[in-house]
Each structure stands twice: as structure tokens, then as C-alpha cells.
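Only one structure is covered here, and it is reproduced in the block below.
FYI, it's all coordinate maths here, none of it is from the lab. In this text the structure is predicted, and so the values were computed from the model without any measurement. All Cβ positions, even for glycine, are placed from backbone atoms using ideal geometry, and neighbour counts span all protein chains on display.
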Amino acid sequence: MELTGTPFFILTIVLFVASIALALAYWGRGRGGYAEVPGGRRRGRGRRTGAATPLGYLGSFATVLLCQFTAIAVVFTWVNDDNQLYANWDDLLGTTSHVRSVPVPPKDNGLAGDQKSGTPKVVASFHAPSSDAVPRDVKETDLKGKLSGVDGEVLVWTPPQYDDPAYKDKNFPVVELLAGYPGSTSTWYGDTGMNVTKQLEPLMKSGQITPFILVTPRVNLLQNADTGCADVPGKVNAETWLSRDVPQMVLDNFRTTASPDQWAVAGYSAGAHCAALLALGHPDRYRAAIAMSGYNDPSGESDSLTAKDPKLSQTSNPLYLLTHAATPPNVSLWMSGRKTDGLPDATALQQAAKPPTSVTQVETTGAHLMSTWRPLVVPSFKWLSGIIPAPK
């Protein structure tokens with residue numbers, strides 16, 4: 001049964017109600033730690049005479065634990081469904097490894113460089129999305145990263161114009177969508193997630209927003225650890241997976257181009273940190289980034305691998321990349337956050353930016369939740385449409 005599915009949520013509620021009924025029945029029969037004594041009579045207001053027994057106490061303790069366990073299960077499932085933290089049991093329990101190997105990635109010559117490298121094309125096989133939270137017009141493929149050694153699912157949604165005969169010779173721009181930590185590829189979709197396609201599709205049809213191909217790769221690759229979207233020697237090549245393997249698959253299977261002017265990346269929370277990091281670190285791959293409630297210092301995420309490495313902690317900081325770039329990168333950033341959550345980091349980047357780098361910041365007041373970021377999808381993509389226009 002799907003962890004994020006409605007049937008499982010209903011099951012947790014049923015079990016919770018059943019546990020309360022069981023506890024009431026147990027205590028109502030006078031089994032709260034006492035055993036009947038032959039000839040015993042009720043005294044006072046329903047108290048039962050008898051002798052306390054270990055078995056009776058154990059039974060009482062068990063019913064209390066059962067009620068607490070089922071109550072926690074209901075709350076966890078509700079929070080998980082609302083924020084799409086774990087899409088399935090494998091993600092929750094960490095029973096599936098997404099790191100096949102950790103090779104040393106070949107030299108990075110940018111998006112066009114990988115396209116000209118002469119490596120065999122990635123022939124992707126697509127199927128219906130694994131998560132019920134993802135709309136059926138989204139495709140899913142299981143990608144084995146040739147350069148990164150990472151295996152993971154990638155979701156792809158094509159805009160309404162993509163299959164229109166009038167656009168059959170047009171190439172479409174791409175936005176990679178990155179989840180937070182913990183988070184799954186399904187978080188950007190569905191009513192309880194970012195609801196990205198339902199929000200953007202009508203605006204793409206009406207020409208108010210650029211018809212982007214939306215690509216959602218797996219971001220959480222290790223159990224109980226945030227990769228920081230970096231290449232961590234000996235542990236994971238997350239940066240290579242996101243910036244090279246995934247784009248190459250898209251280039252080989254969809255109508256788009258290898259020009260960085262046609263590529264952007266977006267994320268929230270830890271995914272926002274990744275979005276800014278990838279764009280500023282790879283201006284030869286991305287033209288823009290959307291970052292909602294992100295942070296610069298990797299230690300903003302307690303489980304960050306990069307925060308634990310002195311060198312990576314420095315080089316995985318978007319502010320460091322911006323201030324130490326040989327020339328200001330041709331990258332535009334749209335960053336949101338509240339005064340105590342993301343906005344100071346956005347301000348620091350804005351103050352450090354020099355043309356052609358630009359930083360647009362938007363102040364929010366909501367908590368660090370999906371309900372705060374969901375309404376930002378439309379305004380951020382309208383901004384992005386001004387940076388990356390529709391194909392002509």
C-alpha cells in the first residue's frame with residue numbers, strides 16, 4: 001500500500017479509532033490491573049474489588065501504547081501527505097540504494113560540451129509515475145547515471161504545446177525541479193504538493209508563461225543524509241547526477257537545446273540551496289534559478305554532508321561561488337523567504353551580485369511549509385518567462 005496514498009491514511013484513522021475502542025472495552029471490563037476475587041463486590045462509584053496482577057497492568061500499558069502509536073501514525077501520515085516527504089516505504093526506511101558507484105567524473109565542459117562528447121545517447125524508457133500523488137500526464141523513467149554512478153527516477157512533464165503540430169519543429173526550454181530534504185520527486189506535483197502542472201498548464205496555454213519542459217530528478221540519494229547536491233568523494237556524485245546525467249537524458253529524448261539560455265533550475269528549502277548552487281556553479285548549464293526559502297551556508301541543513309567537510313562547506317556555498325567567480329556569471333536568481341528564513345541569504349547574494357548576475361528577492365511571511373511555497377509557483381515562473389521566453 002502506497003505510503004502517501006489515501007487508502008493508507010484512511011487505514012491509520014481506522015486503526016486509531018479501533019485502538020481507542022479496544023482500550024475503553026478493556027478498562028470498562030475492570031481489567032486495569034486488577035483480577036476478580038471470588039465473592040468480591042463493587043464499592044463506591046463502580047470500583048471493583050480484587051487483586052492487582054502483572055498481567056492486568058501489562059494489558060493496560062499495551063492499550064495505552066497502542067493508542068499512542070496509532071495516533072502518531074495518523075499525524076505522521078497527514079504531515080507526510082501534506083509535504084510529500086517520503087513517497088514510498090523504501091524512502092522512509094532507506095532500504096534502496098541509489099548510489100551504484102562513485103567514479104571520478106570526467107572534465108565538465110558545460111552543457112554543449114557533454115552533448116558533443118560523442119558518448120552513446122541515453123535511450124530512456126518511460127512509464128506511468130509510481131506515486132499516486134503525481135498526475136497521469138507525467139512520465140517517469142529509471143535513469144542509470146553514466147557519469148555519476150547514481151541510479152534514480154526522473155519525472156518529465158511536457159507542456160501543452162509540445163504535442164501541438166504547430167510546434168513540431170520547435171525546441172522547448174527546460175526547468176529542473178528539486179525537492180527539499182527529506183523530499184521525493186512527487187513533492188512538486190499533486191494538490192498537497194506544489195501542484196506545479198495544474199497551476200502552470202492553463203497559463204502556458206494562454207501564453208502568460210513560457211511552455212517549459214519540467215524535469216524532476218531524485219534528489220535524496222543517501223539514507224539519513226543530505227548530499228547538498230554536491231559531488232562528495234567516495235560517497236556520492238549528486239552534482240554530476242543533477243547537472244550532467246539528468247540533462248543529457250533530457251537532451252537525448254526531448255526537443256530541447258544544449259544552450260544554457262534554455263535551462264533553469266528551481267527548488268524549495270534544501271532544494272532552493274541546490275538551485276542557487278547549481279546555477280551559480282554552472283553558468284554554462286543554467287541561465288536562471290528559483291530558490292524558495294533557501295540558505296547559503298550548507299550547515300543550514302543539519303544532515304548535510306557538505307557541511308561536515310571544511311572544503312566542501314566553503315565551495316558549496318552560493319555566496320562563496322558568486323564572490324569568487326573569475327567573472328560575474330550570467331545568471332538570474334529569483335529568491336524568496338521571510339526575515340528569519342531565507343531572506344537574509346538572498347539579500348547577501350543580491351548585495352554581492354554584479355552585472356550580468358541579477359538577484360530578485362521576494363519577502364514572504366509564511367512558515368517553512370509547502371503551503372507557503374505553493375502560491376509562489378505562478379509568480380516565480382512568470383518572472384522566469386521574462387528571462388527565458390517562449391520558443392519562436
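For this structure, a couple of remarks:
- Three-way shape call for the range 316-392 based on the alpha-carbon gyration tensor, with the a/c threshold at 1.5: oblate
- Two-site label geometry, K339 and A18: point separation in nm, points 7 Å out along Cα→Cβ: 5.0 nm
- Centroid-to-centroid separation of the range 337-392 and the range 209-225 [C-alpha atoms, Å]: 18 Å
- Computed packing ranks the peptides 271-280, 208-217, 122-131 as 271-280, 208-217, 122-131, most packed first, by mean other Cβ atoms within 10 Å.
- Bridge type composition, the range 217-316 - antiparallel percent by DSSP, nearest 5: 35 percent
- Remark on the chain: C67 stand apart, with no other cysteine beta carbon under 4.7 Å.
- Straight-line cross-link reach from K170 at under 19 Å between alpha-carbon atoms covers these lysines, not counting any fewer than eight positions away in the same chain: K205, K392.
- Neighbour net charge for I209 - beta-carbon separation under 12 angstrom, K R +1, D E -1: +1
- Average Cα contact separation per residue, the chain, under 8 Å, 6 or more apart, as relative contact order %: 14 percent
- The range 99-387: C-alpha gyration tensor shape, a/c 1.5 cut-off, then a/b vs b/c: rounded
- Fewest-first sequence of Y167, Y181 by Cβ atoms within 10 Å of each Cβ: Y167, Y181
- Amide H within-cut-off set for R338, under 5 Å, with H built and near neighbours excluded: L343, T364
- Cβ crowding within 10 Å ranks D114, D164, D303 as D164, D303, D114, fewest other Cβ atoms first.
- For the range 112-232: rounded, prolate or oblate by the Cα gyration tensor [a/c cutoff 1.5]: oblate
- Contour minus Cα-Cα distance for D137 and A62 (0.36 nm per residue): 22.4 nm
- Listed pairs K146/K382; K198/K308; K121/K198; K146/K235; K311/K354 exceeding 28 Å between Cα atoms: K146/K382; K198/K308; K121/K198
- Positive minus negative residues near D297 (Lys, Arg vs Asp, Glu; Cβ under 15 Å): -4
- Candidate membrane-span-like segments in the chain, meaning DSSP H helices with Cα atoms spread over at least 27 Å of their own axis and a Kyte-Doolittle mean of -0.5 or above, are 6-28, 54-83, with no membrane implied.
- Taking other C-beta atoms within 10 Å as the exposure proxy, T185, T141 rank T141, T185 from fewest upward.
- Antiparallel DSSP beta bridges within the chain, as percent of all bridges there, nearest 5: 45 percent
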